[in-house]
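Participant: The following block contains the structure, expressed as structure tokens.
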Amino acid sequence: MNNTLNKSLLLLVAVSATAALCFAADEPGEPNGGTPKEKSPKQLVSSSVKASEKAVPRVWIGLTGSYTPLRLINVNSTGITDNTGNSYTATGAQGQVGGGAIINARLIGGFGISIGAIYRFTGYNAKEDTNIANSATGDTFENIERTRVRLLDFPVMMRYSGHKLNPSKHTFYELGGVMRQGFSIKTTTYAKEALFGATGPGQTFGTPYKPRVFGAVAGAGLIARDDFGIVVSPEVRYTRWMENTFSSPPGLGGLLGSQKNQLEVTVSFGF
């Protein structure tokens, strides 16, 4: 009977040890143990985040590419005709693609500051077609002006990336001001005969130019850091300029003027 009792005790101990090993293998901390239902979703998410995501540095600098769907200078598509019958037309030059640098720093809580500098190159071509013919040849002429300017935009914005009102920890919002500084403006003019094509000195249109203008800017975007430690941040911004870099020449209201409502798409890469 003692032998039977001892065998029963040994069997009970063996069963208990086997059950303990099985429960130990099913602990969430074990890499291969348990089923999805038995594991805590919180622990699964935290371990995945720790393994695959890197935190964005408190301060990071980088390069920015920028594109504006709308031209920087608006022109009247049909042109202008003055009271003498002379017609004026204009076309805006490119300048929708730009690039520069950016620096970001977290200040306190979910707030930070973003400072950038974006370079652009733009301008316009304007043409005057006269209706006054030369008495000797019957020829009319065109007066042509070509103006180009380099621009630097300096946006300074407060950035919010806290958890309140944010659908994700990768999203952020920005609000601030921007200064645009124009420099290296260059204007060339010439006159061209309509019939014979001869050229000579021309006259400028006298288009008002303001080298420094200010605006208000708001934006929203995404930010993350990849496995190589590179910060990637695409963003959409809207800028409302308070003044015009260029505006219509005196007497030709509506011929051309700077874009006051600027939509901008940027992508920044940094460390």
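The values are calculated or read from the model by the stated rules, or taken from the named source; none is laboratory data. Note that the structure is a prediction, hence the values are computed from the model and not measured. Cβ coordinates were reconstructed from backbone atoms using ideal geometry, including for glycine residues, and neighbour counts include every protein chain displayed.
Participant: Here is a check on your reading of the model: is residue 64 of a type in the set (S, T, N, Q), under 30 Å from residue 194 (Cα atoms) and either modelled with pLDDT under 95 or in contact with a Gly (Cβ under 7 Å, 6 or more places away or on another chain) (or both)?
Facilitator: Criteria not met by residue 64.
Every residue, every condition in (1) under 18 Å from the mean Cα position of the chain (by Cα); (2) over 29 Å from residue 59 (Cα atoms); (3) crowded, with 20+ Cβ neighbours inside 10 Å, yes or no:
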position	(1), (2), (3)
211	no, yes, no
217	yes, no, yes
226	no, no, no
247	no, yes, no
256	no, yes, yes
264	yes, no, yes
268	yes, no, yes
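Participant: Name every residue in region 68-94 that is outside any loop (DSSP other than H, G, I, E, B) and in contact with a Lys or Arg (Cβ under 8 Å, 6 or more places away or on another chain), in order of residue number.
Facilitator: Taking region 68-94 as the starting set, the residues that turn out to be outside any loop (DSSP other than H, G, I, E, B) are 73-75, 80-81, 87-92.
Within region 68-94, 88, 89, 90, 92 qualify.
Participant: Please work out which one of (1) out of contact with any Gly (no Cβ under 6 Å at 6 or more places or on another chain); (2) surrounded by 17 or more Cβ atoms within 10 Å (Cβ to Cβ); (3) not in a loop (DSSP other than H, G, I, E, B) is the condition residue 120 fails and give its number.
Facilitator: (1)
Participant: Confirm whether residue 87 is within 30 Å of residue 205 (Cα to Cα), exposed (fewer than 11 other Cβ atoms within 10 Å of the Cβ) and small (Gly, Ala, Ser).
Facilitator: Working: within 30 Å of residue 205 (Cα to Cα): yes; exposed (fewer than 11 other Cβ atoms within 10 Å of the Cβ): no; small (Gly, Ala, Ser): yes.
Judged against the criteria, residue 87 is not a match.
Participant: For region 160-169, state whether one or more residues are assigned to a strand (DSSP E or B) and surrounded by fewer than 20 Cβ atoms within 10 Å (Cβ to Cβ). Working first, answer last.
Facilitator: Taking region 160-169 first, the residues assigned to a strand (DSSP E or B) are 160.
Now restrict to residues that are surrounded by fewer than 20 Cβ atoms within 10 Å (Cβ to Cβ): 160.
Yes, region 160-169 contains a residue that is assigned to a strand (DSSP E or B) and surrounded by fewer than 20 Cβ atoms within 10 Å (Cβ to Cβ).
Participant: If you don't mind, another one. Of the residues 79, 112, 100, only one is more than 19 Å from residue 239 (Cα to Cα), in the same structural domain as residue 174 (by TED's automatic domain parsing) and within 18 Å of the chain's Cα centre (by Cα); which?
Facilitator: Answer to the selection: 112.
Participant: If you don't mind, there's one more thing I want to ask. Out of 186, 192, I need the residue that is surrounded by 15 or more Cβ atoms within 10 Å (Cβ to Cβ) and either touching a helix residue (DSSP H, G or I) at 6+ places or on another chain (Cβ under 6 Å) or farther than 29 Å from residue 60 by Cβ (or both). Which one?
Facilitator: None of the others qualify; the one that does is 192.
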